[in-house]
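All remarks here apply to the structure that follows.
Quick note: the coordinates plus some simple rules give every number you see, no bench work behind them. Source: prediction; values computed, not measured. Positions of Cβ are backbone-derived with ideal geometry, glycine not excepted, and every protein chain shown enters the neighbour counts.
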């Protein structure tokens, strides 16, 4: 039997990178998936490739009403909601704290932190009806600092705190809530933003001396979403090639 047979999931930021890898693996393992993203072209391309078990919804994770729309869409089309992966995120500006642009700060916090809260706000009551799992995408930078990335670091630390709190609140309500902390992963977000020298430096900061692959993060998301992780909640799991080991 497939690991997510008869399960319904939402994956935000599902049109590319880690999100696309998660969507693809979830469908392969039997789930029906609502794919959310702002990029309509890429989102529709993903669901076209996956067939009737995936539907696309254009959504901005920083808006409460869009998060509600995703939950409503899952229930209306597939009858329930068992799993949510709050994956949508942006890198934001690169600047020291004393020079960080306020509009950039607000945008990063809105998408990377508030978006996770808004997602859980509407996901938790629905998942509680049937039991299930929420997976929040944090980062290695949810555990350590990183120069020139204060908004991203603050948001990802916040995601870990939200996850731990939700894990406690829903521990006896049939909903498990966990966070993943990827290291630097070879995605469009990373590849398009950094030059070759910076990428080479980042590779050297991982014990495995390489960046991760989206599929490697997706495998951890699958485990946390499935019943195989039935005694796991309120936890933070790095998938970082040894970045945090030093």
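Only helical DSSP H runs with n ≥ 4 go in: add -39500 (n - 2.57) per run for the chain, normalise by residue count and round the 222 nm mean residue ellipticity to 500 deg cm²/dmol.
On the way: 9 runs with 106 residues, N = 246.
Computed ellipticity for the chain at 222 nm equals -13500 deg cm²/dmol.
What distance in nm separates the two pseudo spin-label positions at residue 196 and residue 5, each 7 Å out from Cα along the beta-carbon direction?
5.0
Only counting other Cβ atoms within 10 Å, I'd like 103, 110 sorted with the fewest neighbours first.
103, 110
State, as an integer percentage, the relative contact order of the chain based on alpha-carbon contacts under 8 Å between residues 6 or more apart. Mind dumping the intermediate values first?
Details: 514 pairs, mean separation 48.1, N = 246.
Answer for the chain is 20 percent.
When the chain is treated as a GNM, springs tying every alpha-carbon pair under 10 Å, which of 102, 90, 185 comes out with the largest mean-square fluctuation?
Result for the chain, Cα springs under 10 Å: 102 fluctuates most.
Taking a virtual spin label 7 Å from the Cα of residue 130 along the C-beta vector, which residues in region 72-108 bring their backbone nitrogen under 11 Å of it?
What the label zone holds, given the 11 Å backbone N cut-off, is 74-84.
Contact order normalised by length for region 66-206, with contacts defined as Cα pairs under 8 Å and 6 or more residues apart; what percent is it? Kindly include the intermediate steps, with their values, before the conclusion.
Numbers: 192 pairs, mean separation 36.1, N = 141.
So the answer I get is 26 percent.
I need the calculated FRET efficiency for the pair residue 48 and residue 232, taking r as the beta carbon distance and R₀ as 41 Å, to the nearest 0.05.
Efficiency for this residue pair is about 0.75.
Relative to the compact globular guide of 2.2 N^0.38 Å, what is the alpha carbon radius of gyration of region 93-202, as a ratio?
Values: Rg = 15.9 Å, N = 110, 2.2 N^0.38 = 13.1 Å.
Rg over 2.2 N^0.38 Å, computed on Cα atoms: 1.21.
Taking the Cβ of each residue in 16, 139, 94 as the centre, tally the other Cβ atoms inside 10 Å and list the residues starting with the fewest.
Working: 16 18, 139 27, 94 14.
Exposure proxy ranking, most exposed first: 94, 16, 139.
Taking Cα atoms, how many degrees apart are the long axis of helix 150-169 and the longest axis of the chain, rounded to 10 and kept between 0 and 90?
The angle comes out near 30 degrees.
Quote to one decimal, in nm, the extra length available between residue 39 and residue 117 on full extension: 0.36 nm per residue of separation minus the C-alpha distance between them.
Here the answer is 25.9 nm.
Can you give the relative contact order of region 157-246 as a percent, counting alpha carbon pairs under 8 Å and 6+ residues apart? Display every interim value, and only then the final one.
On the way: 111 pairs, mean separation 39.4, N = 90.
Relative contact order, region 157-246: 44 percent.
Under a GNM of the chain (C-alpha, springs under 10 Å), which listed residue has the highest mean-square fluctuation: 122, 100, 236?
Most flexible of the set in this elastic network: 100.
Once the piece of chain linking residue 97 and residue 72 is laid out straight, how much longer is it, given 0.36 nm per residue of separation minus the C-alpha distance between them? Can you show the working numbers first?
Values: separation 25, 0.36 × 25 = 9.00 nm, distance 3.89 nm.
Gain in length upon complete extension: 5.1 nm.
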